[in-house]
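**Q** Handing you a structure now.
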Amino acid sequence: MKVGKSRFLLDKKPALKKLVELLGETYPYVSILGTDVAGKAYKVTTTGITVKGSDWSERGFVIRVHDGQRYFEYSFNEVDEDSLEEIAEYVRKRTGSASKTVKELSLSYTSLTPPEEEKSEIDFEGEVAILPGKMSPGEIIQKLASIRDRAHAISEEIVNVMTLMENVRVSKLFVSAKKDLYQSYMWSQGYLYVLARRDGNTKYGIEGFSGLKGLEILDEMESKIDKVVENARMLLSAGRIEPGVYDVICSPDVAGLIAHEAFGHGVEMDMFVKGRAKAVEYIDREVASELVTMHDGAASAREVSSYVFDDEGTLAHDTVIIDRGILKRGISDIISATVLGTEPTGNGKRESFERKAYARMTNTYFAPGSDSLEEMISSIEYGYLLENYYSGMEDPKNWGIQCVIAYGREIKDGKLTGKVVSPVMMTGYVPTLLKSISMVSGEIELSGTGACGKGHKEFAKVSSGGPYIKAKARLG
Amino acid sequence: MLEKIISRLQKADINGWKIEEKFIEGQEYFFVKRELDLSRAKKVRHFDLTVYRDFYESGKKYRGSSSTRLSPMMSDDELQVAIDEAAFAAGFVKNPWYPLVSSMVERLEPPDHDLQELSSDAIGAIFRADNREGAWLNSMELFVTRNSHRIINSEGVDVSYTRYRTYIETIVNASGKEEVELYDQLLLSLPEKRTIEERITDLLEKAIDRSQAVSTPSLKAIPVILTGDPTKEVARYYLNQSSARMKYDRISQVEPGESVQGDETGDRINLSLVPDLEGSYFSAPFDEDGFKLMRRDIVKNGLLKGYWGNLRYSSYLGVEITGSAMNFSLLPGSMGIEEMRSSPHLEVPNFSAVEVDETTGDFGGEIRLGWYFDGTKRIPVTGGSITGNLRDIKSLYLSREVELESDYLGPKSMMIEGFNISGE
């Protein structure tokens, strides 16, 4: 079913086009991104119920101008036909003020050429199986409550259950002298969080669900609740891992975290511009085992970061970052591509209209191989099968990696022993980790719950994933 | 717009409402080395609306709520639909009843500042400090904002205040065995020039150390000293254990009069909520409900004195309402930092990210920069990780020296025994 379009953006479009023309009298390049992102989040826990607008909701505009040498942006969310001249005047005044500050402090500007645009028009409306309006808030709450109650019925060790489901419709409009782009699509995400306690020891199981979906995600959540309860209770008996280097098998979500943290952040090309990415020295060189091929792109998969054009009006790509172990290229926004003399790859993303566009990941994943999970397990004398993760952090300059993994299942003499360790911190040098990949399974899974930050801010929706991979890793 | 929203709420089938209006003006600068890559400005207004509906079931009173963000550009029809949908949804939210804040009218306005001048002050201070041989500023992002808040509700609350906030993200490089970088984020209210210069200077020094660092060795049973941001994150764990929401949600198991700490020896935690912490980015006189905030002692000598929380969760637990203050403080401890450093230890000021799990007490992080002292030499180290659980540590000592770090004022360092160090 079609997700519908933003009446608001379509109504504002004539005024925005006028504003582009008005500013075009002063600036060689002018573009405006309009956003109308709306959704609802439903959370049912053992202790309460919450219904609120999605935290991803936003409605506003950002103007980008280029005066022949440099860019300036203005974010705002109040405009009508009568305020266009006032907005244009404010932009002119502010560009002058920024120049004054730079001059007074004896600093300078990065000299940039304006983007060369080709004429393009797009009008896209996505589809999902079940639109959010097909169920009332009461029915959605009831469904989430039934999942919660099922978890409690399994064990008295469960002390709290959280079920969360969020549907978000993203609508964006991009206008410039040559571009007239519109898109609406919908993504949804869900979480199951189960808190278990035994003799004062507390652990939790967590599972995420995501995709370009609507209410159909509720059925997926319901099908997994038993497993999440089982995991939470399993962790109550988990021990601590002895720090060391082990043979490991990473589940698709952990493989995705590695793809994301290890190379995803490291090939965001604004990092190349700043000299913050070691990857720039390794283009066309071996950085991983020949079993490793890695993609990123809004057009590379159907997940939460699949769009038709990015927040700078560049069309979606499918970028092959690593091809059979060789680092091929990075992903970029327009400004980075301009500085580096490369083509933008449709990765210019903003947290919202209020924030700057950076080079950001979209759907990042390792391509499948030909091994099976069973073959991988049987090939390990002593090691761990690592599943689920809590968080990760990148270090693009020095290629360090930090992944906090929920748990590891012990493997001894080619068999799972039933012993579990939790949590597990995976650290190390990225190429060493990726070069150690010796087996890759045949099917991939992607997931796009949560948010990805750049540093510790600029949260954006991304997905990541991959197949099962076997590697050597330092765990602690 | 605000009057229009209130007028419609007064006609809606609801039992209460709350609106938080935020108007944010900001200037942003993005530098690569000493070149301005991009400058930005913003002026945005948001209305966050919560509606409440009361109902009875089996003789028990419930209060449902639903929240939504309203745009100042909503048409009359859109506004009505948004209010109607929120009111309808609130009718299905079966939560125990709780009161709203009532009868509070106050307007607090600080002296006015020019955002352009504040930005220039910050930029000047940052680049003045970029004068260290062997280390340099790679890139910097500056956000200076004026944030005007107004909270109004159906029970007579109408409070407003304005706060200035400064956010500086800095990346520095240093050249040594290889070129390295360190990341820092500094959050302040006004861009205090001396604080900024000292912070950048310290960061450049640390980057030089990281450029000389060797791989963290495999170390057994030595104390770990956390300094700066990691200290704050451990302190936050104790804050969260004292939260009314965490208690109500069955995550925290601590009862009033019980210890928020484990069985470790050493210093006891003394923790307070400090809504108006001078220089803090997060200081605010009212919480999101419009409740007037005051300093509160929460943990005394390691024992929970009383939970802190907003009106809803405090009401659920039947405890005194403190409101949700955004700053907290810890009293200084018994050891000076130099005393901590006098015997073998691993000191870590920079992790890739500090992970402290508020539910389980698990702690972990990859070491970006540390210093290993073997009893004679202090060697910069990098790589490897520290893991452990704050409920299982053997000892905890807090430094006498204190610092303001974002929303935290308290010991700059803490020394912990009982963590695992994974090195080479």
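**Q** Can you give the Kirkwood hydrodynamic radius for segment A:352-476, in Å, rounded to one decimal and based on Cα pairs?
**A** Values: mean 1/r = 0.0624 Å⁻¹.
Every distinct Cα pair counted, the radius reaches 16.0 Å.
**Q** Could you work out the mean count of beta carbons from other protein chains within 10 Å of each residue's beta carbon in B:65-72?
**A** Numbers: counts 4, 8, 6, 7, 8, 3, 9, 5.
Counting other chains' Cβ atoms within 10 Å and averaging over B:65-72 gives 6.
**Q** Hey, another quick one. Could you work out the mean projected area of the convex hull around the alpha carbons of the protein assembly as shown, in square nanometres to one decimal?
**A** Numbers: hull surface 136.9 nm².
Averaged projected area of the protein assembly as shown's Cα convex hull equals 34.2 nm².
**Q** Tally the DSSP beta bridges in chain B and give the antiparallel ones as a percent, rounded to 5. Show your work: numbers first, answer last.
**A** Numbers: 111 of 127 bridges.
Roughly 85 percent of the beta bridges in chain B run antiparallel, per DSSP.
**Q** By per-residue mean of other Cβ atoms within 10 Å, what is the highest-first order of A:338-348, A:290-300? Don't skip to the end; give the middle numbers.
**A** On the way: A:338-348: 20.6, A:290-300: 22.3.
The peptides rank, most packed first, as A:290-300, A:338-348.
**Q** Rounded to the nearest 0.05, what FRET efficiency do B:E3 and B:R194 give with R0 = 30 Å and r taken as the Cβ-Cβ distance? Could you check?
**A** Working: r = 44 Å, r/R0 = 1.48.
Between B:E3 and B:R194 the formula returns 0.10.
**Q** Considering only C-alpha atoms, what is the centroid distance from segment A:363-382 to segment A:398-476, in Å?
**A** 12
**Q** Where does chain A land at 222 nm, in deg cm²/dmol rounded to the nearest 500, when only DSSP H runs of n ≥ 4 count, each adding -39500 (n - 2.57), divided by all residues? Don't jump to the answer; show the numbers that get you there.
**A** On the way: 9 runs with 107 residues, N = 476.
Mean residue ellipticity at 222 nm (helix-derived): -7000 deg cm²/dmol.
**Q** Does chain A classify as rounded, prolate or oblate by the C-alpha gyration tensor (a ≥ b ≥ c root eigenvalues; a/c under 1.5 gives rounded; else a/b over b/c gives prolate, otherwise oblate)? Mind dumping the intermediate values first?
**A** Numbers: a/c = 2.27, a/b = 1.43, b/c = 1.59.
Judged from the Cα gyration tensor, chain A comes out oblate (a/c at least 1.5, b/c at or above a/b).
**Q** Find the eigenvalues of the gyration tensor of the Cα atoms of segment B:99-144, then list the square roots of 5 times those eigenvalues as equivalent ellipsoid semi-axes, largest first, in whole angstrom.
**A** Values: eigenvalues 318, 44, 13 Å².
The three semi-axes for segment B:99-144 are 40, 15, 8 Å.
**Q** Once you have the alpha carbon radius of gyration of segment B:256-414, what is it after dividing by 2.2 N^0.38 Å, with N set to its residue count? Intermediate results must be reported in sequence, preceding the final value.
**A** Details: Rg = 17.6 Å, N = 159, 2.2 N^0.38 = 15.1 Å.
Against the empirical 2.2 N^0.38 Å value, I get 1.17 for segment B:256-414.
**Q** Here's a follow-up. Does a label point 7 Å from the Cα of A:L236, set along Cα-to-beta-carbon, have any residues of segment A:385-410 with amide nitrogen under 11 Å, and which are they?
**A** What the label zone holds, given the 11 Å backbone N cut-off, is no residue at all.
**Q** Distance from the Cα centre of segment B:332-411 to that of segment A:197-271, in angstrom?
**A** First find each Cα centre; the distance between them is then 27 Å.
**Q** While we're looking at this one, here's another question. With viscosity set to 1.306 mPa s at 10 °C, what whole-number translational diffusion coefficient in µm²/s follows for segment A:22-176 from Stokes-Einstein and a Kirkwood radius over Cα pairs?
**A** Numbers: Rh = 20.0 Å.
Estimated via Stokes-Einstein, D reaches 79 µm²/s.
**Q** So, by mean Cβ neighbours within 10 angstrom, what's the order for B:338-348, A:86-96 with the highest one leading? Intermediate results must be reported in sequence, preceding the final value.
**A** On the way: B:338-348: 17.9, A:86-96: 16.1.
Descending mean neighbour count gives B:338-348, A:86-96.
**Q** Once R0 is set to 30 Å, what does the formula 1/(1 + (r/R0)^6) return for the Cβ-Cβ distance between A:K178 and A:S391, expressed as a FRET efficiency to the nearest 0.05?
**A** Details: r = 42 Å, r/R0 = 1.38.
Plugging the Cβ-Cβ distance into 1/(1 + (r/R0)^6) gives 0.10.
**Q** Pop the C-beta distance of B:S102 and A:E78 into the FRET formula with R0 = 25 Å and round what comes out to the nearest 0.05.
**A** Details: r = 31 Å, r/R0 = 1.26.
Efficiency for this residue pair is about 0.20.
**Q** What is the Cα radius of gyration of segment A:282-423 over 2.2 N^0.38 Å, N being its residue count? All intermediate terms of the calculation are to be shown ahead of the outcome.
**A** Working: Rg = 18.5 Å, N = 142, 2.2 N^0.38 = 14.5 Å.
Expressed relative to 2.2 N^0.38 Å, the Cα Rg reads 1.28.
**Q** A further question on this structure: Quantify how strongly other chains surround peptide B:358-365 by giving the mean number of their Cβ atoms within 10 Å of each of its Cβ atoms. Each step should come with its number before you reach the end.
**A** On the way: counts 0, 6, 8, 1, 7, 2, 9, 5.
Going residue by residue through B:358-365 and averaging, the value is 5.
**Q** Residue-wise, which Karplus ³J(HN,Hα) couplings in Hz belong to segment A:152-167, taking 6.51 cos²θ - 1.76 cosθ + 1.60, θ = phi - 60°, and x for glycine or proline?
**A** My calculation for segment A:152-167 gives 5, 5, 6, 7, 7, 6, 7, 9, 7, 10, 10, 10, 10, 9, 9, 10 Hz in order.
**Q** For A:G214, what residues show an amide H to amide H distance below 5 Å, using hydrogens built from the backbone and excluding near sequence neighbours?
**A** Counting only residues 5 or more places away or on other chains, the set is A:A129, A:I130.
**Q** List the residues, sorted by chain then number, that are 5 or more residues from A:S391 or on another chain and whose placed amide H is less than 5 Å from its amide H.
**A** Long-range HN contacts for A:S391: A:V404.
**Q** Extension gain A:K227-A:F124, at 0.36 nm per residue separation less the Cα-Cα distance, in nm? Each step should come with its number before you reach the end.
**A** Values: separation 103, 0.36 × 103 = 37.08 nm, distance 3.77 nm.
Residue separation times 0.36 nm, minus the Cα-Cα distance, leaves 33.3 nm.
**Q** Restricting the count to DSSP beta bridges whose residues both fall in segment B:289-424, what percent are antiparallel, rounded to a multiple of 5?
**A** Details: 29 of 32 bridges.
Percent antiparallel among DSSP bridges in segment B:289-424 is about 90.
**Q** Give me Rg/Rg_expected for segment B:1-125, where Rg uses Cα atoms only and Rg_expected = 2.2 N^0.38 Å with N residues.
**A** Details: Rg = 20.7 Å, N = 125, 2.2 N^0.38 = 13.8 Å.
Ratio of Cα Rg to 2.2 N^0.38 Å: 1.50.
**Q** Distance in nm between label sites at B:D158 and A:A451, each 7 Å beyond Cα in the beta-carbon direction?
**A** Roughly 3.3 nm, to one decimal.
**Q** Roughly how far apart, in whole Å, are the Cα centres of segment B:52-120 and segment B:226-303?
**A** Cα centroid to Cα centroid, the span is 26 Å.
**Q** Let me ask something else. Between B:K177 and A:E116, what is the label-point separation in nm under the 7 Å Cα-to-beta-carbon projection?
**A** Label-label distance for A:E116 and B:K177, simple model: 4.6 nm.
**Q** Also, quick follow-up: Under 5 Å between amide H atoms, partner at least 5 residues away or on a different chain: which partners does A:F124 have, H built in plane at 1.01 Å?
**A** It is A:Y182, A:Q183, A:S184, by chain and number.
**Q** With the radius of gyration and the Kirkwood radius both derived from the Cα set of segment A:1-64, what is their ratio Rg to Rh? Please list the in-between numbers first.
**A** On the way: Rg = 17.7 Å, Rh = 14.5 Å.
Rounded to two decimals, Rg/Rh equals 1.21.
**Q** To continue, here is another question. Could you point to the residue in A:A299, A:T432, A:G341 farthest towards the positive end of chain A's charge dipole, with +1 and -1 charges on the Cβ of Lys/Arg and Asp/Glu respectively?
**A** Positive-end residue among those listed: A:T432.
**Q** Here's something else I'd like to know. Give the percent of DSSP beta bridges with both residues in the protein assembly as shown that are antiparallel, rounded to the nearest 5. If you can, show how the numbers build up before the last one.
**A** Details: 225 of 266 bridges.
Counting only bridges with both partners in the protein assembly as shown, antiparallel ones make up about 85 percent.
**Q** Give the Rg (one decimal place) followed by the Dmax (whole number) of chain B, computed from C-alpha coordinates and expressed in Å.
**A** 24.2, 75
**Q** Can you compute log10 of I(q)/I(0) for segment A:115-169 with the Debye formula, treating each Cα as one identical point scatterer, at q = 0.19, 0.21, 0.29 Å⁻¹?
**A** Log10 of I(q)/I(0), two decimals: -0.82, -0.90, -1.18.
**Q** Hey, another quick one. To one decimal place, what Kirkwood hydrodynamic radius in Å is obtained for segment A:132-274 from all pairs of distinct Cα atoms?
**A** Details: mean 1/r = 0.0538 Å⁻¹.
About 18.6 Å, per the Kirkwood formula over Cα pairs.
**Q** Work out from phi, with θ = phi - 60° and the Karplus expression 6.51 cos²θ - 1.76 cosθ + 1.60, the ³J(HN,Hα) of each residue of segment A:112-129, listed in order in whole Hz, and give x for Gly and Pro.
**A** Using θ = phi - 60°, the values come out as 10, 8, x, x, 9, 9, 9, 5, 8, 10, 9, 9, 10, 10, x, 9, 9, 6 Hz.
**Q** Sketch the reach of a paramagnetic label on A:K103 as a point 7 Å from Cα along Cα-to-Cβ, and name the residues of segment A:48-79 whose backbone nitrogen lies under 17 Å away.
**A** A:67-71
**Q** Modelling each spin label as a point 7 Å along the Cα-to-Cβ direction, I'd like the B:T265/A:T432 distance in nm, to one decimal.
**A** Each label point is offset 7 Å from its Cα along the Cβ direction, giving 3.6 nm.
Coordinate-derived values only; no laboratory data. Every value quoted in this text rests on a predicted model; they were computed, and no experiment measured them. No Cβ is skipped: glycine too gets one built from the backbone with ideal geometry, and neighbour counts run over all protein chains shown.
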